[in-house]
Amino acid sequence: MPVVHQHGPCSPLAGKREKAPSHAEILAADQRRVEYIHRRVSETTGRVRPKRAAAPAVHLQPGAPSTAATPASASPYAKSANLPASSGRALGTGNYVVTIGLGTPSARFTVVFDTGSDTTWVQCQPCVAYCYRQKEPLFSPAKSSTYANISCSSSYCDDLYVSGCDGGHCLYAVQYGDGSQTVGFYAQDTLKLSYDVVKEFRFGCGEKNRGLFGRSAGLMGLGRGKTSLTVQAYDKYGGVFAYCLPATPSGTTGFLDLGPGAPAANARLTPMLTDNGPTFYYVGLTGIKVGGHLLPIPEAVFSAAGALVDSGTVITRLPPSAYEPLRSAFARGMDALGYRKAPAFSILDTCYDLTGYQGSVALPAVSLVFKGGACLDACLAFAANDDDAGVAIIGNTQQKTYGVLHDLGRKVVGFVPGAC
């Protein structure tokens, strides 16, 4: 699946651009997402999660009656589905997007893909309360011959993080950290990923949606939970996917590939810590290097809070006890190179004025070190969590141009330099 930047020339939205979010808006939304992830980590590792919720105050309209299920494919693992991936800034979102097909006949939708979410959803007709403006027409369940609502009595309804019931039909609700939300019917239909088909794919048919989704049609959840594409299509793709985020909004295209394959020879692998909690992709961050030298940060600083890799967080967050030595070491390196400091900006407190410099600029090399010896040569910027108890998050700025592999079966996460 090709991954493209929403603002790039290869984006399906080229020529129909939404106003790109400002840097301040992206950083503010990023901070709210981080706070949401910290809350979710706390909830899912320390408390019982919410289950059935009362039906929303606004009565929703089922898109189509439940129908007899078509047997899901039990074929061996397929070769990868390849989707182009791009930045979503042209659609007014700071995340990354791919185009999928849904329904029979298949209709195309541009959706954000997110490793920090499980439930996939799209905006659906009828919008009984509100829907935000999106690029493509809303999904119409009535036009799909393979659409079916999930029953409240189905075990699939219990898989949702928050669920409800209306007229015998299962409801889903997702509240994101920035205040965005989606509510609607939990349903199933045929999902098309490039030339691949996933039958009876369960997703949210959103009839009450609002928030910072730009003009995307919804979201594809690639987390580790039961409702995610990764888990639902495990028999087809083996719980394996990889993506590469392009370095710039224009001129390059990334990818989202689903399905197994031998890791590249230069893949840097680290264990996926599946016992740390659901949904997120936890890894063992053990150290940080600056200029090739390992900083004197006790490994316990990282292990106490834990760390995860997230496609939807922009700026990497570190425990203060790790961030402060990194900031100091980087500042010393920049001072030695003669660069001028600049005022802090939003959550970023280590800024420099590079006005007048031409071409490539020499910077102190920063690397994140993981269990098993894997390293991620990181771009700036970083920020500190409020305290050392908050989980570290490896954001997408550090992931750009890397092939980021997730393999649930082998329980590994990998980084392949120069993949896009």
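The values are calculated or read from the model by the stated rules, or taken from the named source; none is laboratory data. Owing to the predicted nature of the structure, the values given are computational and were not obtained by experimental measurement. A quick note on method: Cβ atoms are made from the backbone with ideal geometry, for glycine too, and the neighbour counts reach across all protein chains shown.
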Residues of segment 343-380 being farther than 29 Å from Ala300 by Cα, of a type in the set (A, V, I, L, M, F, W, C) and not in a loop (DSSP other than H, G, I, E, B), in sequence order, are Phe345
Among the candidates Thr190, Thr248, single out the residue that is within 23 Å of Gly403 (Cβ to Cβ) and over 15 Å from the mean Cα position of the chain (by Cα). Thr248
Residue in segment 248-261 that is surrounded by the fewest Cβ atoms within 10 Å (Cβ to Cβ), counting only those that are assigned to a loop (DSSP other than H, G, I, E, B) and among the polar types (S, T, N, Q): Thr248
Can you name the residue in segment 262-283 that is part of a strand (DSSP E or B) and within 20 Å of Leu229 (Cα to Cα) and, of all such residues, is farthest from the chain's Cα centre (by Cα)? Met272
Considering Phe213, Phe201, which residue is surrounded by 19 or more Cβ atoms within 10 Å (Cβ to Cβ) and within 17 Å of Tyr147 (Cα to Cα)? Phe201
Collect the residues in segment 289-301 that are touching a residue at least 24 places away in the same chain (Cβ under 8 Å) and not in a strand (DSSP E or B), keeping them in residue-number order. Gly291, Gly292, Leu295, Pro296, Ile297, Val301
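For every residue, the table says whether it meets (1) surrounded by fewer than 18 Cβ atoms within 10 Å (Cβ to Cβ); (2) more than 29 Å from the chain's Cα centre (by Cα).
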position	(1), (2)
Asp335	yes, yes
Lys341	yes, yes
Ala344	yes, no
Ala392	no, no
His406	no, no
Gly414	no, no
Cys420	no, no
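Filter segment 107-131 down to residues that are of a type outside the set (A, V, I, L, M, F, W, C), surrounded by fewer than 17 Cβ atoms within 10 Å (Cβ to Cβ) and closer than 18 Å to Asn209 by Cα, then give me how many there are. Lay out the reasoning, then the answer.
To start, the set of residues in segment 107-131 that are of a type outside the set (A, V, I, L, M, F, W, C) comprises 108, 110, 114-120, 123, 125-126, 130.
Then drop every residue that is not surrounded by fewer than 17 Cβ atoms within 10 Å (Cβ to Cβ), which leaves 108, 126, 130.
Now restrict to residues that are closer than 18 Å to Asn209 by Cα: 126, 130.
Number satisfying all stated conditions: 2.
For (1) touching a helix residue (DSSP H, G or I) at 6+ places or on another chain (Cβ under 7 Å); (2) in the same structural domain as Lys371 (by TED's automatic domain parsing); (3) not small (Gly, Ala, Ser), each residue gets a yes or a no:
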residue: His293; (1), (2), (3): no, yes, yes
residue: Ala305; (1), (2), (3): no, yes, no
residue: Pro319; (1), (2), (3): yes, yes, yes
residue: Pro325; (1), (2), (3): no, yes, yes
residue: Phe330; (1), (2), (3): no, yes, yes
residue: Ala336; (1), (2), (3): no, yes, no
residue: Tyr339; (1), (2), (3): no, yes, yes
residue: Ala342; (1), (2), (3): no, yes, no
For segment 394-404, which residues satisfy the criterion of being assigned to a strand (DSSP E or B) and either within 14 Å of the chain's Cα centre (by Cα) or not small (Gly, Ala, Ser) (or both)? Ile394, Val404
Log entry, pairs with first residue in segment 115-136 being touching a residue at least 12 places away in the same chain (Cβ under 8 Å) and more than 30 Å from Tyr282 (Cβ to Cβ), second being assigned to a loop (DSSP other than H, G, I, E, B) and of a type in the set (Phe, Trp, Tyr), beta carbons closer than 8 Å, six or more apart or on different chains, reads Gln123/Tyr132; Tyr132/Phe213; Gln134/Phe213
Within segment 319-342, how many residues turn out to be within 29 Å of Asp386 (Cβ to Cβ) and not in a helix (DSSP H, G or I)? 4
Would it be correct to say that Thr286 is closer than 13 Å to His406 by Cα and in a strand (DSSP E or B)? no
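If you go through segment 106-141 one residue at a time, how many are β-branched (Val, Ile, Thr) and either assigned to a loop (DSSP other than H, G, I, E, B) or in contact with a Pro (Cβ under 8 Å, 6 or more places away or on another chain) (or both)? Talk me through it step by step, then tell me what you get.
Initially, segment 106-141 is screened for residues β-branched (Val, Ile, Thr), giving 110-112, 115, 119-120, 122, 128.
Applying the additional criterion that residues be either assigned to a loop (DSSP other than H, G, I, E, B) or in contact with a Pro (Cβ under 8 Å, 6 or more places away or on another chain) (or both) yields 110, 115, 119-120, 128.
Matching residues across segment 106-141 total 5.
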Report yes if some residue within segment 216-235 is over 18 Å from the mean Cα position of the chain (by Cα) and crowded, with 23+ Cβ neighbours inside 10 Å; otherwise report no. no
Tell me, please, whether a residue that is of a type in the set (S, T, N, Q) and more than 21 Å from Glu200 (Cα to Cα) can be found in segment 121-130. no
